[in-house]
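Colleague: For reference, the structure I am asking about is given below.
The values are calculated or read from the model by the stated rules, or taken from the named source; none is laboratory data. Everything numeric in this text was worked out from a predicted model, so none of it was measured. Don't worry about glycine lacking a Cβ; one is built from the backbone with ideal geometry, like all the others, and counts go over all protein chains shown. Surface accessibility is based on the protein's heavy atoms, side chains included, excluding ligands, DNA and RNA. Shrake-Rupley method; radii C 1.70, N 1.55, O 1.52, S 1.80 Å.
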Amino acid sequence: MSEFDIEKIGLKVGLEIHQQLDTHKKLFCNCKPVENTEFTGKFTRKLRAAKSELGKIDPAALFESSKSKTMVYYENQNSCCLVEKDDEPPHDLETKAKETALLISSALDSKIFSEIHVMRKTVIDGSNTSGFQRTMLVAQGGSIVVDEKQVGVQSICLEEDAAKLIKDEDGHRFFSLDRLGVPLVEIALEPVTGSPAFVRKIALSLGRLLRVTKKVARGIGTIRQDVNVSIDGGGVVEIKGVQQLEQLEKIIEYEAKRQYGLKLISKKINSLIKENIDGDNDIFEISNLLEQCNSEIIKQSLQNKNVIKAIRVKNLAGVFGFEPFPGIRLGKEIGQLVRFFGIGGIFHSDELPNYGIESKEIQYVRKNLELEKDDAFLIITGKEPAIDHAINSIIKRIKDAKNGPIAETRAATPKNETVFLRPRPGASRMYPETDIPTIKISDNELENAKLMIPKSWDESISQIQNKYKINEQLSEQIFDSEYFDLFEKICGSKKSSPSFVASVLCSTITNLQRNSFDASLLKDNEILDTFDLLNDNKISKESIEIIFKQIMSGDAVSVSEAIQNASIKSLTEEELNKILDVIIQDHLDEIKRDGMHSIRSLMGLAMKQVRGQASGNLVNNLLSEKIKKL
Amino acid sequence: MADLKGYKGKSLDFLNENDIGIGDSVKIIADLAYTGILMPRYETSEDSHIVLKLKSGYNIGIELEEIEKIEKISSSEKTVVKENTKQTNPDLPKVLLLSTGGTIASTVDYRTGAVTPALTASDLNDAVPEIANIANVDAQVLFSEYSENLQPEHWIETAKKLKDLVDSDYKGIVIAHGTDTMHYSSAFLSFALSGFPIPVVLVGSQRSSDRPSSDAAVNLLAAIRFVVKIKTKGVFIVMHHNDTDDTVACHLGTRVRKNHTSKRSAFETIGNNPAFVINNDKIMNNLEKEFFTKKEFEPKLKIDTKVALVKYHPGYDPKQIENLIESGYKAIIFEGTGLGHVGKTMYNSIKKANESGLFLGMTSQCIDGRVRMTVYESGRDLMDLGIIPLNDIIPEVALVKTMWALGISENIDDVKKLMLENIASEFTE
Ligand SMILES: [Zn+2]
């Protein structure tokens, strides 16, 4: 195993935050930014790569295009019009979204352009019906201070959010259109050296700066962070879809190790060969060589009339299976790469014999490819032309491996690893949005943005502390949480105690989440309903967790159903008195012996019977009165 | 002098002084430093900014006043366009693709900032490589115009081009055309080339071909498949059938209309199903009779444009009809209300028009359905005044047909006869 010290590899990390804005309209149409899970229609489309303004086709676009998937879009009239369907030109830019973008830029002391050009950023994985995301560079430069260090701002863009991927199977991708076109601010920070923990702190600080504006959307999925990770001598890898801050550190650590591993692999390759890898005459069709093969994958492949091809790789025996760190191998990188062409069947010589491919067949292949002892090979099965695209990208990947980690776009996985997504897009992915004229930013708008710069985080927190009379820690927790808007709404009625509401929203729900209950099932209006019932004394405080559990487990779809399921009802004082009197009668001896001290054990007994139907406070008061009267 | 498309006034002077042209890589020092490529500017824009494409691909406008220093790093690279060696398969049928412009072949226009027809038909051929598996397509550029700029002389030029191809070995002819006036052109070709021996298909796109979601490729592929597979003579329009990319409709060139400003499925056959529905390799045929009434090819390419299309509405000033008579108009097609009516206030002027020898035809602004002028008294009155009801012909098609009929004969009786004859399925029977 190789040595790995994250401090000594020249790690650089750049953060990119995508924050949805809180507007009543989408960026370029009048649709409301609401979430829909039911749909009123669907349609299918195909996308093909188009040339950029400079006459080039973007590599990432070409890559996606080569997969030639069919896109299926689901729409709901509440959140989708002809603009989302790419059947009508965009309307004017949403003013509120523009104002917020200017405000955020001012808060970061970023230089705002007086003339903004809307661009089309080619994205043909289907997540935009048009095949591009509308985006505009609003400002550049500026900084945010974290731990007394200045972290530079690279760029601030205002753009449209993408459609939501529902599923991806058999050459079809399914999307819902509700999120498409929701205004989003993208803030890219300068790469920093330093620990992953520092990067996490930067993300938190930037997130807080956005939240104090009170003009950004709150709630699950409204903020997403990408990270750009590189090490000395390697390309920049963009990692998409880091959902939570907790994940961020682990992902950076994994990616740093993966890149350093690739550097070690490149050293090994360079020790084996001097010249560049050519690969032009190294592709062989070998379907007939493996006709008798016992491998399930090969057998099935031949049955489905797929072709089997082999790639000869001179002098690189041992390189594909070389594992500088657990799970980091060139063989794995290639496996991930071909999966994106819909190809699952790939084997390299370092892992054979295995998977039902026996020595006998390996001998055939080696002989057919005229291999020497030190040569490696790969076997790949799939349909034409996908297999040829895949082989081209494998050969390119092997060539690139000689130079260490390459620039590419990867996705974060739930296991906190990263997996290949697509090549890194270049400048050719940008094309001017000809449907929208240039946008002027007036001096007046710049002034207004400056005037509206919100208070600092500390000021905002002390304001919350004062307003709701809750401590600093809880104030920070609730302000960071996805439920802050809801908190203000619930406390606005002045019936509930803010500290209780905050602790339910911050701790109760988070605890349930940690125990694998699904917070996305619990909607804001259900939380509101629950607090209403509490304020009307229809349920007890203890019932709240029971109701949330019912909903977050999917057992109930409404508060009333949850109450029914858990048979929660509130006892009248009369009913409660009856129960308590019985308990006291049964434990008279104990009470006589321990006096007021007996209340603790009696409380326990009483709450066992009435939990969720009467509040602990009330039970405690009644019990102590009754004991005193004895 | 460097090429400085779209720049004027202060910004033009500034760039000339610094000897910088479009496509040059430059470094600019303002309150921040920028490097990028100088881009053209929309002609309608003001003159105090220059447009820079940054490395990230974003374009930004930089105010001249803020620029402290501008420096040329390198001159624009002239990219050498590699000529695609087109492979032809002798077993495949031949198809001619004529380009007239429109969004099916377009690119950014820095004069207006909007998309403009600029790509050649052969670019299109390169952009949709699947075509090579269906047919050997010869591509020719006829004109490069937005469809709103196409005039009757363009119709005639197109018809002449087709007429000369009557004995060619093409299986069919596909015409790339802007969508706005496509059904006027298809109507004219239908009348002018009655009996043309091979299918003629007009095709366009509602989303320009510079975007990945363009319907250009889908429509074009369907059009080429159609002319290769179907031997039916006729002039057709091939465009998206619905929201979805799989099905494309083929409409009769005289029974079709653009009924939506922006949707892919904007084109609809009026009062019937589309003649054909093309779903990849499958073509469903709804056609009940031949498109042309006459079997023989009888080209008649002359035209007289002194025809007005008058949409009657409450408050219409009858004086306008008299103006038309005075201006030498030879025919008026009315878009009447309902079954084919105009208000009583119009009677006198209409009478004058009739007496002056104008051909007067009635269609309906309802678009769908027939005119029946015998149902109400007012309709009968109008017929007495010389108005000829034109059944269920689409108003725009009636206009084109009248221009064409006047091109054949100035004699009002001949015109009346031609106008009531079903030449190219313009009436539903
Ligand atoms: Zn919309």
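Colleague: First obtain the Kirkwood hydrodynamic radius of segment B:94-285 from its Cα pairs, then insert it into the Stokes-Einstein equation at 20 °C and 1.002 mPa s, and state the resulting D in µm² per second as a whole number.
Modeller: Value of D from the Cα-based Kirkwood radius: 133 µm²/s.
Colleague: For the protein assembly as shown, build the charge dipole from Cβ charges (+1 Lys, Arg; -1 Asp, Glu) around the Cα centre, then report which of A:560, A:191, A:165 sits farthest towards its positive end.
Modeller: Of the listed residues, the answer is A:560.
Colleague: Please compute, over every Cα-Cα pair in segment A:457-565, the percentage with a separation greater than 25 angstrom.
Modeller: Percentage above 25 Å: 19.
Colleague: Using θ = phi - 60° and the Karplus curve 6.51 cos²θ - 1.76 cosθ + 1.60, what whole-Hz ³J(HN,Hα) does each residue of segment A:279-291 get, with Gly and Pro shown as x?
Modeller: Whole-Hz 3J(HN,Hα) from phi for segment A:279-291: x, 5, 9, 10, 10, 10, 8, 10, 3, 6, 5, 10, 4.
Colleague: In whole Hz and in residue order, list the ³J(HN,Hα) couplings for segment B:10-19 that follow from phi through the Karplus curve 6.51 cos²θ - 1.76 cosθ + 1.60, θ = phi - 60°; x for Gly and Pro.
Modeller: 4, 5, 5, 4, 4, 5, 5, 4, 8, 6
Colleague: Using only helices, what value at 222 nm comes out for chain A when you add -39,500 (n - 2.57) per DSSP H run of length 4 or more and divide by the total residues, to the nearest 500 deg cm²/dmol?
Modeller: The helix-only estimate for chain A comes to -11500 deg cm²/dmol at 222 nm.
Colleague: Oh, and also: Using a Gaussian network model of chain B with C-alpha springs under 10 Å, which one of B:157, B:65, B:148 is most mobile by mean-square fluctuation?
Modeller: B:65
Colleague: I need the Kirkwood Rh of the protein assembly as shown: take the reciprocal of the average 1/r across all distinct C-alpha pairs and report it in angstrom.
Modeller: The answer is 34.5 Å.
Colleague: Further, regarding this structure: Need the list of lysines near residue B:319 for cross-linking: C-alpha distance under 23 angstrom, and skip anything on the same chain fewer than eight residues off.
Modeller: B:306, B:311, B:330, B:344, B:351, B:352
Colleague: Let me ask something else about it. Assign unit charges at the C-beta atoms only (+1 for Lys and Arg, -1 for Asp and Glu), then state the dipole size of segment B:307-420 relative to its Cα centre in Debye, rounded to the nearest 20.
Modeller: Here the size comes out at about 100 debye.
Colleague: If I build a Gaussian network model for chain B, linking alpha-carbon pairs within less than 10 angstrom, which residue out of B:56, B:144, B:364 has the largest mean-square fluctuation?
Modeller: Greatest mean-square fluctuation among the candidates belongs to B:56.
Colleague: Given H placed 1.01 Å from N in the peptide plane, which residues other than close sequence neighbours of residue B:215 have an amide H under 5 Å from its amide H?
Modeller: B:206, B:207
Colleague: Now a separate question. Could you name every residue in segment B:258-272 that has 20 Å² or more less accessible surface in the full protein assembly than in its own chain alone (probe 1.4 Å, ligands and nucleic acids excluded)?
Modeller: B:262, B:263, B:264
Colleague: Positive end of the dipole of the protein assembly as shown, charges at C-beta (+1 Lys, Arg; -1 Asp, Glu), about the Cα centre: which of A:20, B:59, B:313 has its Cα farthest in that direction?
Modeller: Toward the positive end, the furthest listed residue is A:20.
Colleague: Taking every residue in A:114-123, how many Cβ atoms of other protein chains lie within 10 Å of its Cβ, on average?
Modeller: The mean count of partner-chain Cβ atoms within 10 Å per residue comes to 5.
Colleague: Taking a temperature of 37 °C and a viscosity of 0.692 mPa s, what whole-number D in µm²/s does Stokes-Einstein yield for segment A:120-203 with Rh from Kirkwood over alpha carbon pairs?
Modeller: For these conditions, the coefficient is 218 µm²/s.
Colleague: To check my understanding: the extent here is largest minus smallest coordinate of the Cα atoms along each principal axis. What are those three numbers for chain A, in Å, largest first?
Modeller: The Cα atoms of chain A stretch 101, 68, 53 Å along the principal axes, largest first.
Colleague: Enter the accessible area per residue of chain B (Å², integer; probe 1.4 Å; all protein chains in place).
Modeller: About 43 Å² of surface per residue is accessible.
Colleague: Threshold 10 Å², probe 1.4 Å: give the residues of segment A:437-454, in number order, that are less accessible with all protein chains present than with their chain alone.
Modeller: By number: A:438, A:440.
Colleague: For segment A:274-401, what are the per-bin percents of Cα-Cα distances with bins 10 Å wide, up to the bin holding the maximum?
Modeller: 12, 48, 35, 4, 0
Colleague: Grab the DSSP H runs of chain B that are 4 residues or longer, score each as -39,500 (n - 2.57), total them, divide by all residues and round the 222 nm result to the nearest 500 deg cm²/dmol.
Modeller: My calculation for chain B gives -7000 deg cm²/dmol from helical runs alone.
Colleague: Keeping all protein chains in place, calculate the accessible area per residue for chain A (probe 1.4 angstrom), answer in Å².
Modeller: Ligands and nucleic acids excluded, the figure is 46 Å² per residue.
Colleague: Okay, next question. How large a share of the accessible area of chain B, in percent, is made up of carbon and sulfur atoms when the probe is 1.4 Å and the other protein chains stay in place?
Modeller: The value for chain B is 48 percent carbon and sulfur by accessible area.
Colleague: Something else: Give the whole-number value, in cubic angstrom per residue, of the convex hull volume spanned by the C-alpha atoms of chain B.
Modeller: Enclosed volume per residue, from the Cα hull, is 182 Å³.
Colleague: Using a 1.4 Å probe over the heavy atoms of the protein chains, calculate the carbon and sulfur portion of the accessible area of chain A as a whole percent.
Modeller: Percent of accessible area from carbon and sulfur atoms in chain A: 47.
Colleague: Could you list which residues have their amide H under 5 Å from that of residue A:133, counting only those 5 or more apart in sequence or on another chain, with H placed in the peptide plane?
Modeller: A:121, A:122, A:123
Colleague: Going by alpha carbons, how many degrees (0 to 90, nearest 10) lie between the helix axis of A:95-107 and the longest principal axis of chain A?
Modeller: Helix A:95-107 sits roughly 90 degrees off the main axis of chain A.
Colleague: What is the dipole size for the protein assembly as shown, taken about its Cα centre, with +1 at each Lys and Arg Cβ and -1 at each Asp and Glu Cβ, in debye to the nearest 20?
Modeller: Rounded to the nearest 20 debye, it is 1260 debye.
Colleague: If you put +1 on each Lys and Arg Cβ and -1 on each Asp and Glu Cβ, how big is the dipole of chain B around its Cα centre, in Debye rounded to 20?
Modeller: 1140
Colleague: Something else: Convex hull over the alpha-carbon atoms of segment B:9-74: what's its volume per residue in Å³?
Modeller: Spread over its residues, the Cα hull of segment B:9-74 gives 78 Å³ apiece.
Colleague: What is the angle, in °, between the Cα long axis of helix A:386-401 and the longest principal axis of the Cα atoms in chain A? Nearest 10 is fine, range 0 to 90.
Modeller: 90
Colleague: Follow-up question, since we're still on this one. Compute from the Cα atoms of segment B:307-420 the Rg and the Dmax, the latter being the longest Cα-Cα distance, and quote both in angstrom.
Modeller: 12.6, 35
Colleague: When averaged across all projection directions, what area in nm² does the alpha-carbon convex hull of segment A:573-629 cover?
Modeller: Dividing the Cα hull surface by four gives the mean projection, 3.4 nm².
Colleague: Considering only A:437, A:283, B:425, whose Cα is most displaced toward the positive end of the charge dipole of the protein assembly as shown, charges sitting on Cβ of Lys, Arg (+1) and Asp, Glu (-1)?
Modeller: My answer, from the dipole projection, is A:283.
Colleague: Hey, another quick one. If you take the accessible area of B alone, add that of A alone, and subtract the area of the pair, what total do you get in Å², probe 1.4 Å, to the nearest 100?
Modeller: Chains B and A together bury approximately 3800 Å².
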